[in-house]
Each structure stands twice: as C-alpha cells, then as structure tokens.
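Participant: Sharing a structure below in structure tokens format, with a few things to ask.
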Amino acid sequence: MIRLEHVNKHFGEVHALKDVSLSVAKGEVLSVVGPSGSGKSTMLRCMNHLETIDSGTIYIDEVPVYQTLKNGKRRTDNDRAVEAIRAKVGMVFQSFNLFSHLSVIENITVAPIHVLGRSSSDAMAEANALLDKVGLLAKANAYPHELSGGQQQRVAIARALAMQPEVMLFDEVTSALDPELVGEVLRVVRTLADEGMTMVVVTHEMGFAREVSDRIVFMADGRIVEEGAPAAFFAAPQQARTREFLRSMWERNRQLGGTVSL
Amino acid sequence: MLTTFLGLFDFQGAGDYMPALLRGAATSLALTACIMLISLPLGLLIALVKLGRSRILRTCASTYIEVIRGTPALLQLFYIYFVLPSFGIRFDPFTAGVIGLSINYSAYLAEVYRAGIAAVPQGQIEAAKALGMSRRKMLRLIVLPQAIRVVIPPLGNYGISLFKDTSLVSIVTVKELIFTGQIVSSTNFQYATVFTIIGAIYLAFSYPSALLVRWLERRMSVGTKVKPVGGATPVTAATQ
C-alpha cells in the first residue's frame with residue numbers, strides 16, 4: 001500500500017530522515033513510536049507530500065508518485081498527481097486543524113463536494129453517517145470552537161474518512177488532548193482498525209499501540225531502529241535504544257499515575 | 001474675548017451656502033464609494049499576485065506596492081491630471097481623482113489582504129492540502145473566507161481614511177467638500193463658519209463609521225483563532 005525506499009530528508013542542517021525504508025501492507029495497522037524529534041511525524045508528512053523528500057522514493061499502491069527521476073534529475077511530481085494521492089490518503093493532525101469558519105457538517109462535506117465532485121446531498125448523507133459513527137451527530141451544525149478537543153478530533157477523523165481514503169495517517173492525534181478526552185478518540189481509531197482500514201499511527205500511547213497494531217516501528221534520530229509484532233516488541237525489544245525508550249515511557253506513565261497502561 | 005471669538009461665526013447666514021456644501025459632501029461620498037469599489041478588488045488581485053507562484057508577477061506586484069506607497073498621493077494625482085495629458089491622455093477631474101486614489105489605495109489594501117492571508121494558520125492550509133485541494137480551491141474555500149474576516153475591520157478603517165483623503169483631489173479641481181468650502185469662503189469670507197461646518201460634516205460621517213467598524217471588529221473576532229491585523233494609517237493621511 002505504502003512503500004518507502006531509502007528516503008532521506010533534511011531540514012537545513014538537520015538530517016531528519018536517514019535512509020528510511022518501510023512498507024505498509026493493505027489492511028495493516030502500523031504504529032510508529034519513538035522519542036520526540038525522532039522523525040516519526042516527518043515520515044508521516046512525507047507520505048502525503050506535506051514535506052518533500054531529498055532522496056529515495058515513496059510508492060503509494062506501487063506507483064512511485066512523489067518523486068520521479070527525469071534525465072537523472074530529481075523532480076517533484078506535478079500538483080495534480082500530488083492532489084490525487086492526497087485525496088486517497090487521509091490524514092489526521094495533532095492539532096485537529098478543523099476549518100474554523102465552517103460548521104462541523106461543512107468541514108466534512110467541503111472536500112467530497114469540491115475535490116471529488118460529489119453532489120451536496122450525497123456528501124451530506126455520507127457526512128451524517130460518519131458523524132453518527134464518531135458519536136457526534138448532534139453537533140452537525142456546531143462550529144469547531146464550540147467543541148471540546150476530543151470532539152474536534154473525532155470530527156477531523158470523520159472529515160478524513162469522508163474522502164473514502166485507502167489509507168489513514170494519524171499524527172499524534174491524542175497528544176494535544178486533555179487526558180480524559182484521549183479515550184473517546186482512541187475508541188474511534190480502534191473501530192477503524194477493527195474494520196480493516198490500512199493505518200499508520202504515530203503515537204505516544206504505548207498501551208494503545210500494543211493493542212491495535214499489527215506491527216510496531218520504533219524510530220530514533222531519524223532512523224528505524226527496530227520493528228516487530230507488538231507482543232515481541234514490548235516483551236523482548238532487541239535493541240538497547242528501544243529498551244531505553246520503553247523504560248522511559250514506563251517511568252513517565254508511572255509518574256502520571258498509570259492513566260495509560262504500558 | 002468670548003464675544004470676539006463668537007463674532008467670527010455666522011451660522012444664521014449658513015443657509016445660503018449649505019446646499020453647495022452638501023453637494024460637496026455628496027461628491028466626497030461618491031468619490032469614496034467609487035474608489036473603494038475599484039481598490040477593494042484591485043488590492044485583492046495585487047495581493048494574490050504577490051503571493052502567487054510566478055516570480056516575475058510577484059516582482060511586479062511588489063514594485064507597484066513599493067512605488068505607490070513610497071510616493072505622495074498628491075504626486076500621483078498630479079501625474080494623472082497634469083502629466084498624462086502631455087502624452088495625450090486626458091481625464092476629467094472626477095475621473096482623474098478616482099483613478100489616482102484607486103491606484104494609491106489599492107497598494108495599501110493589497111498589504112492589508114496580504115497580512116490577512118498570512119494570518120491564516122498553517123494548520124488550516126495543511127488540512128486543506130491533505131484533503132487533496134488544489135491551490136485555487138484552497139484559496140477560495142479555506143484561505144480567503146478566513147482572511148476576509150480578519151481584514152474587514154482594517155478595510156473599514158481604510159474606508160474612513162479614504163473619505164477624509166478624498167480632500168486631496170481638490171488639488172485637481174474636483175468640487176468635493178474642501179474645495180467647495182474654499183470657493184464659498186473666498187466669496188463670503190466666513191472662513192470660521194464655513195470650515196467649522198465642513199469639519200462637522202466630516203465628523204458626522206466618520207465617527208458613526210468608526211463605531212460601526214469597532215462593532216464589526218468585535219463580531220469578527222468571535223470563534224476564530226485568527227487575530228485581526230492592525231490597520232496602519234495610510235501615508236496619504238500625513239500628506240494633507
């Protein structure tokens with residue numbers, strides 16, 4: 001579904017992604033964990049071209065969509081190709097990013113109507129079904145600033161789903177939420193995982209990652225350090241760097257009073 | 001002392017020339033309306049070009065803005081009314097005034113729009129991109145609707161400034177409020193009365209408009225993350 005081959009990305013002097021290769025199979029739920037600044041979010045953002053890569057290739061559905069080689073020179077793909085890919089790849093952000101001037105229902109229908117060319121009545125029906133799914137049908141006409149963070153994030157998930165994406169990217173979707181609101185968002189993500197949606201989940205919620213993922217990838221300093229099935233990854237991490245990270249997460253959770261189980 | 005001061009005024013006699021002053025006020029309002037109608041869309045166009053992808057067009061827009069903002073509005077009016085006729089291009093005074101101040105205001109309004117667009121949070125743009133929107137759709141559906149809320153109060157302030165700045169076109173003999181006042185007072189010598197009445201007329205329009213803008217400002221700030229951008233007074237105000 002998504003395949004990264006030898007992807008490198010720099011932000012000025014900082015080498016944010018170092019020769020990252022990774023593939024995500026259709027229907028797979030992949031969680032990406034690691035310390036802040038390890039390149040997890042950057043990798044996710046590269047997957048739908050919110051960041052451009054310096055070298056390597058990213059394939060979506062086996063098509064090398066983002067960077068093509070022409071006369072030996074790297075070239076960013078044209079806008080239309082990028083837009084077509086983004087329409088297939090749903091993304092949910094840490095800071096929700098709901099359109100502040102649009103109501104909940106308009107947030108969900110704006111892209112299906114204007115990007116996919118759906119009729120407004122079809123888009124509305126679909127949006128209502130999605131709102132029902134995320135438990136916010138009653139808020140259809142509310143504006144984002146009238147909602148809690150958890151509600152906003154659930155609307156953001158519904159907005160991404162309305163494009164009927166083939167894969168969903170979740171970028172630390174609970175990091176900006178108050179602890180008591182984390183659960184309602186994770187429940188929605190878990191439902192999607194159960195339904196067989198292909199997902200890449202960047203998260204700090206270790207318990208959640210262990211529970212929903214088919215595979216865990218651990219990143220540090222722009223590199224993929226270790227990957228494996230959740231049970232093996234948490235029970236017997238192979239790398240010292242991974243063990244150190246898991247220990248620090250465990251410590252943090254204990255200090256927080258165990259709100260999130262490891 | 002007070003009697004001497006009050007003796008300078010003759011409001012009873014004002015009835016004779018009030019119709020002329022009111023016609024002048026109507027001309028000032030007509031100028032304001034025409035110039036706003038032209039410079040609101042023109043300013044937006046310039047701002048969009050300045051934020052666009054063509055480097056040549058971007059440079060053109062920046063040059064336009066810098067040249068216009070870096071020279072007095074009076075000079076621009078002189079150019080249009082006195083210099084262009086040497087090249088065979090002639091306008092009547094009203095048209096020359098409208099063209100001159102529209103050119104001037106569009107440059108200032110372009111900067112207001114640009115600031116408004118820049119104030120739209122990056123996250124909104126990323127969300128639009130992630131949904132597969134093209135640049136054009138993103139601009140039309142997401143960026144401009146949010147930017148407009150931010151720029152309405154400063155645009156309103158520029159509208160009020162413009163109403164006062166229309167007095168500049170008296171220099172190209174448009175019979176707006178100030179020029180009418182000069183004509184009237186040079187025949188009846190009632191300088192104190194005439195210009196006091198004119199001041200009152202300006203204030204009668206400007207102050208309620210300012211209250212309206214303030215009210216809009218409060219309304220627009222509800223429910224948006226975007227803070228209104230400050231509307232600096234245009235340079236033209238200082239040239240008077």
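The values are calculated or read from the model by the stated rules, or taken from the named source; none is laboratory data. Note that the structure is a prediction, hence the values are computed from the model and not measured. Note: ideal-geometry Cβ built from the backbone for every residue, glycine included; neighbour counts use all protein chains shown.
Participant: Residues of the stretch A:78-99 being at positive phi and facing another protein chain (nearest Cβ under 7 Å), which ones?
Facilitator: A:N97
Participant: Let me ask something else. From the list B:G223, B:G181, B:G231, exactly one residue is modelled with pLDDT under 95 and surrounded by fewer than 20 Cβ atoms within 10 Å (Cβ to Cβ). Which is it?
Facilitator: Selected residue: B:G223, the only one of B:G223, B:G181, B:G231 that is modelled with pLDDT under 95 and surrounded by fewer than 20 Cβ atoms within 10 Å (Cβ to Cβ).
Participant: How about the stretch A:100-112: which of its residues are surrounded by 24 or more Cβ atoms within 10 Å (Cβ to Cβ) and facing chain B (nearest Cβ under 7 Å)?
Facilitator: A:A111
Participant: Which members of the stretch A:222-242 meet the condition of being within 19 Å of A:T203 (Cβ to Cβ) and either polar (S, T, N, Q) or in a loop (DSSP other than H, G, I, E, B) (or both)?
Facilitator: A:G222, A:A229, A:P237, A:T242
Participant: Count, please, the residues in the stretch A:113-125 that happen to be outside any loop (DSSP other than H, G, I, E, B) and more than 14 Å from chain B (Cβ to nearest Cβ).
Facilitator: Count: 4.
Participant: Got a sec? Which of A:A138, A:A123 is without any contact (Cβ under 8 Å) to a residue 40 or more places away in the chain and more than 20 Å from B:M138 (Cβ to Cβ)?
Facilitator: So the residue among A:A138, A:A123 that is without any contact (Cβ under 8 Å) to a residue 40 or more places away in the chain and more than 20 Å from B:M138 (Cβ to Cβ) is A:A138.
Participant: Within the stretch A:195-235, track down each residue that is out of contact with any Gly (no Cβ under 6 Å at 6 or more places or on another chain) and small (G, A, S).
Facilitator: A:G207, A:A209, A:S213, A:G228, A:A229, A:A231, A:A232, A:A235
Participant: Considering every residue within the stretch A:181-193, establish whether at least one is polar (S, T, N, Q), without any contact (Cβ under 8 Å) to a residue 24 or more places away in the chain and more than 23 Å from A:S36 (Cβ to Cβ).
Facilitator: No, the conditions are met nowhere in the stretch A:181-193.
Participant: Further question: For the stretch B:24-57, how many residues meet the condition of being assigned to a helix (DSSP H, G or I) and either within 12 Å of the chain's Cα centre (by Cα) or not aliphatic (A, V, I, L, M) (or both)?
Facilitator: Residues flagged as assigned to a helix (DSSP H, G or I) and either within 12 Å of the chain's Cα centre (by Cα) or not aliphatic (A, V, I, L, M) (or both) within the stretch B:24-57 amount to 18.
Participant: Using the structure shown, decide if A:R215 is touching a residue at least 60 places away in the same chain (Cβ under 8 Å), surrounded by fewer than 20 Cβ atoms within 10 Å (Cβ to Cβ) and in contact with a helix residue (DSSP H, G or I) (Cβ under 8 Å, 6 or more places away or on another chain).
Facilitator: yes
Participant: Something else now. Is one or more of the residues making up the stretch B:58-66 farther than 30 Å from B:S134 by Cβ and either modelled with pLDDT under 95 or more than 14 Å from the chain's Cα centre (by Cα) (or both)?
Facilitator: Looking for residues that are farther than 30 Å from B:S134 by Cβ and either modelled with pLDDT under 95 or more than 14 Å from the chain's Cα centre (by Cα) (or both), one finds at least one in the stretch B:58-66, hence yes.
Participant: Say we look at the stretch A:126-154 and pick out the residues that are within 13 Å of another protein chain (Cβ to nearest Cβ) and under 17 Å from A:S175 (Cβ atoms); which of these is surrounded by the fewest Cβ atoms within 10 Å (Cβ to Cβ)?
Facilitator: The qualifying residue surrounded by the fewest Cβ atoms within 10 Å (Cβ to Cβ) is A:Q152.
Participant: So, restricting to strands (runs of 3 or more DSSP E) that lie completely within the stretch A:1-50, which ones have at least 2 residues that are exposed (fewer than 15 other Cβ atoms within 10 Å of the Cβ)?
Facilitator: Fully inside the stretch A:1-50 and qualifying: A:2-11, A:14-24.
So that you can scan it fast, the table gives a plain yes or no per residue for (1) out of contact with any Phe, Trp or Tyr (no Cβ under 6 Å at 6 or more places or on another chain); (2) loosely packed, with under 14 Cβ neighbours inside 10 Å:
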position	(1), (2)
B:D16	yes, yes
B:G24	yes, no
B:C34	yes, no
B:L44	no, no
B:R58	yes, no
B:E66	yes, yes
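Participant: Can you name the residue in the stretch A:194-207 that is surrounded by fewer than 21 Cβ atoms within 10 Å (Cβ to Cβ) and either under 25 Å from A:Q239 (Cα atoms) or hydrophobic (A, V, I, L, M, F, W, C) (or both) and, of all such residues, is farthest from the chain's Cα centre (by Cα)?
Facilitator: The extreme case among them is A:G207.
Participant: Could you tell me whether B:R58 is basic (K, R) and farther than 30 Å from A:M91 by Cβ?
Facilitator: no
Participant: I'd like to know if the stretch B:178-201 contains one or more residues that are among the hydroxyl-bearing types (S, T, Y) and part of a loop (DSSP other than H, G, I, E, B).
Facilitator: no
Participant: Would you mind stating whether B:L8 is touching a residue at least 12 places away in the same chain (Cβ under 8 Å) and surrounded by 13 or more Cβ atoms within 10 Å (Cβ to Cβ)?
Facilitator: Here the answer is no, as B:L8 does not meet what is asked.
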